[in-house]
Amino acid sequence: MSDFLRGKMSFEEDPMEKFGVFAQQTMAAVRSEKEETQPFRVGTYYFHEGNGLYLIAACAGREEKMMFEELLDSLSLTGIGGKKSGGLGKFTPKYGRTNKVLERMLREESGISMLISCALPKEEELKQALEGASYLLQKRSGFIALDTYADEQRKKRDLYVFAVGSCFANRFEGDVYDVSENGRHAVFRYAKPLFLGVSI
């Protein structure tokens with residue numbers, strides 16, 4: 001990570017090669033008896049032993065920690081990513097302590113800060129956040145799979161955020177945005193930043 005942030009990482013060999021393997025499989029979409037079955041390709045990434053997706057979370061107290069773990073356990077059963085209805089995306093959460101090097105980098109104040117989460121400043125923060133920034137925008141969308149929200153599945157309102165890897169001279173607080181549209185209740189998307197200090 002330090003080599004990458006200093007621009008000294010060697011790419012002669014694929015740095016992601018030992019993390020896992022990507023595979024594709026053909027699946028079929030069966031819509032009705034009148035329509036022809038349509039095949040489509042699904043890409044799946046399988047992590048090697050000891051690798052996986054990592055979350056960084058901080059909780060105000062024991063009650064919040066228990067609620068977070070309960071939500072994560074529930075999410076592990078339904079899955080994340082695409083094709084959850086086909087059984088993909090399920091996972092087993094494991095809990096550990098923050099890596100000391102990573103914790104130092106998260107706390108480090110530096111001239112440039114790099115996003116390691118997608119984020120969107122509040123309207124009043126936007127102008128200052130853009131000064132000296134180098135960034136990419138990313139569209140966040142998706143479906144709301146809650147029967148309490150609407151009688152049928154509805155799309156979330158699109159939200160454009162700064163992508164992971166965007167760099168800023170001025171840090172911002174960000175916000176949690178309501179992305180509901182004509183539903184029975186609000187649906188929120190978390191867009192607060194997680195920054196790493198980049199030493200140049």
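The values are calculated or read from the model by the stated rules, or taken from the named source; none is laboratory data. Model, not experiment: these values are computed from the prediction. Counting neighbours? That spans all protein chains shown, and the Cβs are built from the backbone with ideal geometry, glycine included.
Data table
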item	result
Among the candidates LYS84, LYS90, LYS65, residue that is in contact with a Cys (Cβ under 6 Å, 6 or more places away or on another chain) and surrounded by 12 or more Cβ atoms within 10 Å (Cβ to Cβ)	LYS65
Among residues of segment 43-52, those that are part of a loop (DSSP other than H, G, I, E, B) and either of a type in the set (Ser, Thr, Tyr) or surrounded by 10 or more Cβ atoms within 10 Å (Cβ to Cβ) (or both), counted	3
Qualifying residue in segment 68-81 (condition: over 19 Å from the mean Cα position of the chain (by Cα) and either surrounded by 12 or more Cβ atoms within 10 Å (Cβ to Cβ) or at positive phi (or both))	no
Filter result (assigned to a loop (DSSP other than H, G, I, E, B) and either in contact with an Asp or Glu (Cβ under 6 Å, 6 or more places away or on another chain) or at pLDDT 95 or above (or both)) within segment 143-163	ARG157, ALA163
Those residues of segment 29-56 which are at pLDDT below 85 and either on the phi > 0 side of the Ramachandran plot or touching a helix residue (DSSP H, G or I) at 6+ places or on another chain (Cβ under 8 Å) (or both), in sequence order	VAL42
Lone unmet requirement of (1) touching a residue at least 24 places away in the same chain (Cβ under 8 Å); (2) among the hydroxyl-bearing types (Ser, Thr, Tyr); (3) in contact with a strand residue (DSSP E or B) (Cβ under 8 Å, 6 or more places away or on another chain) for SER141	(1)
Pick from segment 92-142, criterion at pLDDT 95 or above, among the charged types (D, E, K, R) and in a loop (DSSP other than H, G, I, E, B), ranking: farthest from GLU173 (Cα to Cα)	GLU131
